[in-house]
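Have a look at the structure below, then the notes.
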Amino acid sequence: MFNKILIANRGEIACRVIATAQKMGIQTVAVYSEADKEARHVEMADEAVLIGPASSRESYLVADKIIAAAKSTGAQAIHPGYGFLSENEAFAKRCEDEGLVFIGPKHHAIAAMGDKIASKKLAQKANVSTIPGHNEAIQSADEAVTIAQGIGYPVMIKASAGGGGKGLRVAFNDKEALEGFTSCRNEARNSFGDDRVFIEKFVEEPRHIEIQVLGDAHGHVIFLNERECSIQRRHQKVIEEAPSPFISEETRAAMGAQAVALAKAVQYQSAGTVEFVVGKDQSFYFLEMNTRLQVEHPVTECITGLDLVEWMIRIAAGEPLSLAQSEVQRNGWAIECRINAEDPFRNFLPSTGRLVRFRPPAQTMFQAHTDQLLGVRVDTGVQEGGEIPVFYDSMIAKLIVHGRDRMDAIAKMREALNGFVIRGVSSNIPFQAALLAHPDFVSGEFNTGFIAEHYANGFRAEDVPHHDADFLIALASFVRRKSRERAAGLSGQLPGYDVKVGQAYTVITLAANGQHTHTQVEVDDSGGRHDTAMIKVNGKNYAIESHSRLNDVAIQGTVNGQPFNAQVERGSTQNPLGLKVQHNGTSIEALVISPRMAELHRLMPFKAPPDLSRFVLSPMPGLLVEVAVQPGQKVLAGERVAVIEAMKMENVLFASQDGVVKSVVASQGESLTVDQVIVEFES
């Protein structure tokens, strides 16, 4: 067994590998860029080596620097994590040539299966079901259109070396094929250094289901059940679960057998994933094989009780698999939500900056200790006070739960999301809460088009209806009442000016357009107990009990005897005297005041926000890689105006209405801040 390994990665996956290495008594070496000098994985490792500037092309993607760091620290092996160099056959071979063990498959397996074009040809030879398509690299956008016409729309345009939703587009017509080819090629070149692109038929109403495999150096390969990864946005996975609520035992066995056969065909040694697209009749087709550890591997660990990182290390050290196929467990149900730094209410634009608050829900399951089940686990590479930089992907954390069955897992996940506090950057937690509450998700009746179908016009606050909106008003009243009780108990108050607790309140739910809602509320302190109150809202009674402190953002307690987790923030820039209440993805801004003050509040004038419609503003921090218009140009609604690169993705800005360009304010190559003006149109 190894004494020391180097982790050639960053973020949560680096922390994940370090946790297992520590359990196994193996020392660890972290590598880091200048942007990650205070990152969590650097603190966790026994040693850390600086490998370059913030750009991944000058640090995490430079094989020479990784190899040099391993040699200088005496590491015997390198774990690549996922992304970066994890599926780079040249890097895997270089490790072998330098006398270092690559903790992953052999370079010949990466070459055969890591390339989507080559892997599809190999799968066909192995009699694995494949999707119709053009398997050769396409040289031009015009050729892409011709091929797409021959296959028949819709088609999927994919970068050969792509992954994680990068370098992938779906085209339904010639125009989309032309533009999609160009975008895919650019993203692939920037993210993977390989701009080859191919096209295949897009299976409509598909499920995305993948099979986890493990293979050792002695020819033994097993599959560890499946993962359902159909909840995707722009081809990036949002929620994963294991097992799938869709496939039958017969389909599971057939997919597993094909995955094992494919792995054996390339003498696969390590953890890997064979991805399939599955039709509604349970017919399935091979998509690709990821020759690395997957982001969603924790859900497999939960239902099997296996530490996949540990097995990767043991297999790399030459140990045989000690588990037969018949011994693989499928225990309970696991769900993973990817918590990303993005604003779901602004079309999921990236959000970068400092994590002013980062308080995950309480964990009862932990990385590397996969015997702990039926609880909550948080895999993350960040900590409070840390930065979410613009240079890398947007993931903040992975939230994983394990339940007795699917409904139990869904309930656990909803409560865990309610208690996950993130401030300083926006997160997709409200969107995750909406997905988990959606009837089609709960029933298991969904496919990869679920998000596009149900949120075609983006995600809005009204897309998260609360099952009992009056509870949010009651909770705001509870917190306000308890703060008044505390203020009333302070000594030294002047007679006649002392704080009155009161029982009658008006809760004003604030709306951005000034159309506020007034709700009358009565509060009874339930016998004087500090942690309990009876609140009456619209004829309904809410008996709330909570021992949380008044300055806590995350509030735990019971309402009418049922436990709840919620978040309550006191004061904001827009509402300094009010409360922001969040529960099950729904959020309200509220003022809890006396009825007389509410009457006066009605007289306050509403100040409308300024009209910025003639400006194109940067919706995120990023690099302005293209300005597609010039002064004096007439632009039609829907035309391309600018392209911003952030978190390794291209974001195209389109004109929202017809107009004439007055001036181009920002320059190509400029680093933009949020809401910075790029283009001004004539008024």
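Points to keep in mind about this one:
- The set of residues from region 419-451 being touching a residue at least 12 places away in the same chain (Cβ under 8 Å), farther than 28 Å from residue 352 by Cα, assigned to a helix (DSSP H, G or I) and of a type outside the set (D, E, K, R) comprises 441, 442.
- All positions within region 275-300 that are modelled with pLDDT of 95 or more, of a type in the set (Val, Ile, Thr) and not in a helix (DSSP H, G or I): 295
- The set of residues in region 356-393 that are acidic (Asp, Glu) and farther than 25 Å from residue 566 by Cβ comprises 371, 387, 393.
- Residues that are in contact with a helix residue (DSSP H, G or I) (Cβ under 6 Å, 6 or more places away or on another chain) and among the acidic types (Asp, Glu) within region 270-300 comprise just one, 288.
- Candidate set from region 587-639 (those that are acidic (Asp, Glu) and under 14 Å from residue 659 (Cβ atoms)); member that is surrounded by the most Cβ atoms within 10 Å (Cβ to Cβ): 639
- Residue 419 vs. criteria touching a strand residue (DSSP E or B) at 6+ places or on another chain (Cβ under 9 Å) and among the small types (Gly, Ala, Ser): yes
- All positions within region 543-567 that are among the hydroxyl-bearing types (Ser, Thr, Tyr) and in a strand (DSSP E or B): 558
- Of the strands (runs of 3 or more DSSP E) lying entirely inside region 171-263, those containing at least 3 residues that are under 24 Å from the mean Cα position of the chain (by Cα) and more than 27 Å from residue 643 (Cα to Cα) are 207-215, 221-233, 236-242.
- Against the test of being touching a strand residue (DSSP E or B) at 6+ places or on another chain (Cβ under 7 Å), surrounded by fewer than 17 Cβ atoms within 10 Å (Cβ to Cβ) and not assigned by TED's automatic domain parsing to the domain that holds residue 29, the options 149, 124, 139 yield a single qualifying residue, 124.
- Among the residues of region 33-77, those that are surrounded by 23 or more Cβ atoms within 10 Å (Cβ to Cβ), of a type outside the set (D, E, K, R) and touching a Gly at 6+ places or on another chain (Cβ under 9 Å) comprise 39, 41, 59, 60.
- Selection status of residue 612, of a type in the set (A, V, I, L, M, F, W, C), closer than 29 Å to residue 676 by Cα and either in contact with a strand residue (DSSP E or B) (Cβ under 6 Å, 6 or more places away or on another chain) or free of Cβ contacts under 8 Å to residues at least 12 places away in the same chain (or both): yes
- Answer from 14, 75 - the residue that is touching a strand residue (DSSP E or B) at 6+ places or on another chain (Cβ under 6 Å), of a type outside the set (Asp, Glu) and part of a loop (DSSP other than H, G, I, E, B): 75
- Residue match in region 302-320 (condition: surrounded by 22 or more Cβ atoms within 10 Å (Cβ to Cβ) and part of a strand (DSSP E or B)): no
- Residues of region 568-584 classified as modelled with pLDDT of 90 or more and not in a strand (DSSP E or B), total: 1
- Test result for residue 71, closer than 27 Å to residue 318 by Cβ, in contact (Cβ under 8 Å) with a residue 12 or more places away in the chain and among the charged types (D, E, K, R): yes
- Residue within region 251-261 that is in contact with a Gly (Cβ under 9 Å, 6 or more places away or on another chain) and crowded, with 19+ Cβ neighbours inside 10 Å present: yes
- Every residue from region 345-398 that is buried (at least 17 other Cβ atoms within 10 Å of the Cβ) and β-branched (Val, Ile, Thr): 352, 370, 376, 378, 380, 382, 388, 390, 396
- Any chance residue 401 is surrounded by fewer than 23 Cβ atoms within 10 Å (Cβ to Cβ) and either in a helix (DSSP H, G or I) or assigned by TED's automatic domain parsing to the domain that holds residue 298 (or both): no
- The single residue among 679, 643, 629, 674 that is in contact (Cβ under 8 Å) with a residue 24 or more places away in the chain and not in a loop (DSSP other than H, G, I, E, B) turns out to be 679.
- Among residues of region 78-107 being part of a loop (DSSP other than H, G, I, E, B) and either over 27 Å from the mean Cα position of the chain (by Cα) or without any contact (Cβ under 8 Å) to a residue 24 or more places away in the chain (or both), the one that is surrounded by the fewest Cβ atoms within 10 Å (Cβ to Cβ) is 99.
The values are calculated or read from the model by the stated rules, or taken from the named source; none is laboratory data. Bear in mind the structure is a predicted one, so any value in this text is a computation, not a measurement. As a convention, Cβ positions derive from the backbone with ideal geometry for all residues, glycine included, and neighbour counts pool all protein chains shown.
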